[in-house]
Amino acid sequence: MIDVEKYLFTPYVKGGRELHGFDCWGLVLLIRAELGLPILDGPIDANRDNPLAMQRLYRSITSGPLEPCDGLLPGDVAAVFKAGVLVHVAVALEIDGRIALIETNPGSGVRWMHLDRFLQTYYKVAFYRDRNLPEPA
């Protein structure tokens, strides 16, 4: 179980990969590491200001370690698209007995919302899970 409180209100930092500040990809990487999931690679410059790097990130993770999934489990990655381009990522956790997505943005910093609210906030979302992990019982 992850202590979500330690992440909340951490500021958005472009290229951030540490607890003092994250971008959305950095937050996904740290949460997944804390869950004991495989490390994902991706360009360090993948952020909302660099759409080409975001597309490279998307291609690298979906052609390798991640595959599309329907139901969400902790550690699954939510990919948010605008006009067919990856613009944001978040990671699934269980909070209050329900699936939620934890994310970070420049205006809000780190925050979480239950799945239904996340889907209302973002128009086009696809979910991905580790390709080589066994399905939970």
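Quick look at the numbers
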{"quantity": "Proxy reagent accessibility, fewest Cβ within 10 Å first, across Asp45, Asp116", "calculated": "Asp116, Asp45"}
{"quantity": "Relative contact order %, region 7-130, counting alpha carbon pairs below 8 Å whose residues are six or more apart", "calculated": "28"}
{"quantity": "Three-way shape call for region 56-127 based on the alpha-carbon gyration tensor, with the a/c threshold at 1.5", "calculated": "oblate"}
{"quantity": "Among [x] 22, 17, 15; [y] 49, 20, 15; [z] 19, 18, 15, the entry that matches semi-axes √(5λ) of the Cα gyration tensor in Å as calculated here", "calculated": "[z]"}
{"quantity": "Whether region 1-52 is rounded, prolate or oblate, judged on the alpha carbon gyration tensor where a/c under 1.5 counts as rounded", "calculated": "oblate"}
{"quantity": "Extension reserve of the Thr121-Val85 stretch, reckoned as 0.36 nm per residue once the Cα distance is removed", "calculated": "11.3 nm"}
{"quantity": "Other-chain or far-sequence residues with amide H under 5 Å of Asp76's (modelled H)", "calculated": "Ala92"}
{"quantity": "Antiparallel bridges, percent of DSSP beta bridges restricted to region 7-130 (to nearest 5)", "calculated": "95"}
{"quantity": "The chain, helix-only ellipticity at 222 nm - DSSP H runs n ≥ 4, -39,500 (n - 2.57), divided by all residues, nearest 500", "calculated": "-6500 deg cm²/dmol"}
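Laboratory data are not the source of any read-out in this text; all were calculated from the coordinates shown. Remember, predicted model here, so these are calculated numbers, not experimental data. Every residue, glycine among them, receives a Cβ derived from its backbone with ideal geometry; neighbour counts consider all protein chains shown.
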